[in-house]
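Take a look at the structure below.
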Amino acid sequence: MRWQRAQGPVRASVVVLAASFLSLVTVLSVPGVPGTGVCAAPAPVKLRLAFWGEAAEGATKNAFYDQVLQRFHARHPEVEIILDMTPSRDYEQELFVQTAAGSPPDVMVVRDMSLQVMVRQGLLLDLTQFINKEKYPLNEFFGEVVNVYRYDGKLYALPPGFTTLVMLYNRDLFEAAALATPKKGWTWDDFAATAQKLTQKPLGPGKFSQYGVFVNEWDGFWTPFVRQNGGDILNAAGTQAVLDSPQNQETFQFLAKLKNQWHVSPSFEEAGAHGWWDGLFLDQVVGMVQLGYWTVGIYKDAKFRWGFAELPQQKRASTLIYSSGYGISSKTKYPELAWELVKELVSADAQRAGLDIPSRAAVAAEVLTQKQKAGNPENLRAFLDSLAYAQPAPQTPNFSEMYRIINGQVWQILTGEKNVQDALNEANVQVNNLLRQTK
């Protein structure tokens, strides 16, 4: 492979070409010379694939695409693929700018939270035409994952993988506290009681060397609790914030009690000293953290037995599903080739090589069964069992700004700087202002 990076600290652009194709171009791209019989080679078709990622992820993502695109290029040697990585915070805005300027990528990663705005802005091509034309086996995918990318009855992206959010537990700490690991259907009361029993070894008022759980301001932590109690962030139409509802006030009172009254969670200062979730869990400072499938790789060298449980429930069961899909630009000059590329990116082989739970049901079962043979972590099945009641995060035109507003208010609730009602009222006002500005 030959890799060429664009200059600059923010963006990375990589051209992928097979060595055999390079040799062919070298031989044939000589300008035509009268009487020599040498003809200029046709220019290769260029497809640009856009995705988001941070600098630290660049090597991992490039290695993945290198592997997958070798198979694509073997079938389509006439195609040159340009990889275009943009930092997460700038990604959608960059796509809007490129599309408005008439130079959008041909294929792009579509984040679940930004699908609707991308469709409304006219960025994406409906994939239904390709699926129907060749009877593409969409039934091989988990319907719950694919349906995230439907809008007004049309399908705009195919997801290669996903994760639900679950509760990670340290089995060694549970057994030392004479606790059984969490079972399906456990309640908020069970969760609070478990966290209290895991909180041990006092160091002073409200401080311990071991805590039950890390309660924090991340929307991935508190959103499932909000929905478990019958609340939500936005109304069903996504047009108005409902953060100040009685159900939500009850939910955040519960989370505030966990942190500030029962002291089953480290403070943010203590969490920062350990490197937040990862350090708290790996250092065995907390017995539980609420995260996703990505931890299988991050915590693979943990020195203790650990596993996954479905989240506790209150009025109902609820968790978040996170995923990204591959969509095709509505402006691409090569829709058929772009579709071929999307199919490769969500193929069974590509999903086996990916870092998420495969979105093809049979491949997911295969991958998780293989990983479970190691024995640690245990109960990988929790991810699939929770898929039945998982929901995506609300889709809004400016989800990052919305969560910045809400998470800031939740931080103040959890530090005791604001009472629940005042914080939720302020978040509600600010989010509604944002929604009015970004319609």
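Tell me, His263, His274 in order of fewest to most beta-carbon neighbours within 10 Å?
Going from sparsest to densest Cβ surroundings: His274, His263.
Counting Lys and Arg as +1 and Asp and Glu as -1, each charge on the Cβ, what is the dipole of segment 285-439 about the Cα centre in debye, to the nearest 20?
Using Cβ point charges on Lys, Arg, Asp and Glu, segment 285-439 gives about 80 debye.
Hey, got a sec? Which GluC sites (Glu not before Pro) in segment 352-439 land in a DSSP loop and have at most 13 other Cβ atoms within 10 Å? Spell out each step's value before the answer.
Numbers: sites: Glu366, Glu378, Glu401, Glu417, Glu426; in loops: Glu417.
For GluC sites (Glu not before Pro) across segment 352-439 that sit outside H, G, I, E and B with at most 13 neighbouring Cβ atoms in 10 Å, the list reads Glu417.
Within the set Lys303/Lys343; Lys201/Lys373; Lys201/Lys418; Lys61/Lys201; Lys61/Lys418; Lys183/Lys371, which residue pairs have Cα atoms separated by over 32 Å?
Lys303/Lys343; Lys201/Lys373; Lys61/Lys201; Lys61/Lys418
May I ask you to order 123-133, 156-166 by the average number of other C-beta atoms within 10 Å around their residues, highest value first?
156-166, 123-133
Roughly how many nanometres apart are two label points built 7 Å out from the Cα toward the Cβ at Trp276 and Ala236?
Rounded to a tenth, the inter-label distance reads 3.5 nm.
Where in segment 150-171 does the label zone of Asn376 land, with the point 7 angstrom along Cα→C-beta and an amide N cut-off under 11 Å?
What the label zone holds, given the 11 Å backbone N cut-off, is 171.
Sort the following peptides by mean Cβ neighbour count (other Cβ atoms within 10 Å, averaged over residues), highest first: 184-191, 218-225, 105-112.
On the way: 184-191: 14.8, 218-225: 21.4, 105-112: 25.1.
Answer by packing, highest mean first, reads 105-112, 218-225, 184-191.
Which distance in nm do the two modelled labels at Asn147 and Ala55 give, with both placed 7 Å along the Cα-to-Cβ direction?
In this crude label model, Asn147 to Ala55 measures out at 4.2 nm.
Evaluate E = 1/(1 + (r/R0)^6) for Glu134 and Phe96, where r is the Cβ-Cβ distance and R0 equals 35 Å; express this FRET efficiency to the nearest 0.05. Show your work: numbers first, answer last.
Values: r = 31 Å, r/R0 = 0.88.
For Glu134 and Phe96, the calculated efficiency is 0.70.
Roughly how many Å is it from the Cα centre of segment 281-324 to that of segment 384-439, as a whole number?
Their Cα centres are 22 Å away from one another.
Rank these for me by crowding, Lys257, Lys418, Lys333, going from fewest to most other beta carbons within 10 Å. Can you show the working numbers first?
On the way: Lys257 14, Lys418 18, Lys333 11.
Ascending number of Cβ neighbours within 10 Å: Lys333, Lys257, Lys418.
Plugging the Kirkwood radius over Cα pairs into Stokes-Einstein for segment 116-216, at a temperature of 37 °C and a viscosity of 0.692 mPa s, what D comes out in µm²/s?
182
Ignoring everything except DSSP H segments at least 4 long, calculate the 222 nm mean residue ellipticity for the chain; use -39,500 (n - 2.57) per segment, divide by total residues, nearest 500.
-11500 deg cm²/dmol
What does the charge count around Gln421 come to, taking other residues whose C-beta lies under 12 Å from its C-beta (Lys +1, Arg +1, Asp -1, Glu -1)? Please report the intermediate quantities before stating the final value.
Working: positive: Lys418; negative: Asp244, Glu250, Asp422, Glu426.
My count for the surroundings of Gln421 gives -3.
Within a 10 angstrom radius of the beta carbon, how do Lys46, Lys61, Lys201 rank from fewest other beta carbons to most? Don't skip to the answer; put the middle values down first.
Values: Lys46 13, Lys61 18, Lys201 9.
Going from least to most buried by this count: Lys201, Lys46, Lys61.
Could you tell me how many cubic angstrom of Cα convex hull volume the chain has per residue?
Here the figure is 157 Å³ per residue.
Loop only by DSSP, 16 or fewer other Cβ within 10 Å of the Cβ. Give me the GluC sites (Glu not before Pro) in segment 70-146 that pass, ordered by residue number.
The qualifying sites are Glu78.
Once every Cα of segment 59-157 carries one equal point scatterer and solvent is ignored, give the base-10 log of I(q)/I(0) from the Debye formula at q = 0.11, 0.12, 0.20 Å⁻¹, two decimals.
-0.42, -0.50, -1.32
Read the figures in this text as sums done on the coordinates, not as results from a lab. These figures come from a predicted structure and were not determined experimentally. No Cβ is skipped: glycine too gets one built from the backbone with ideal geometry, and neighbour counts run over all protein chains shown.
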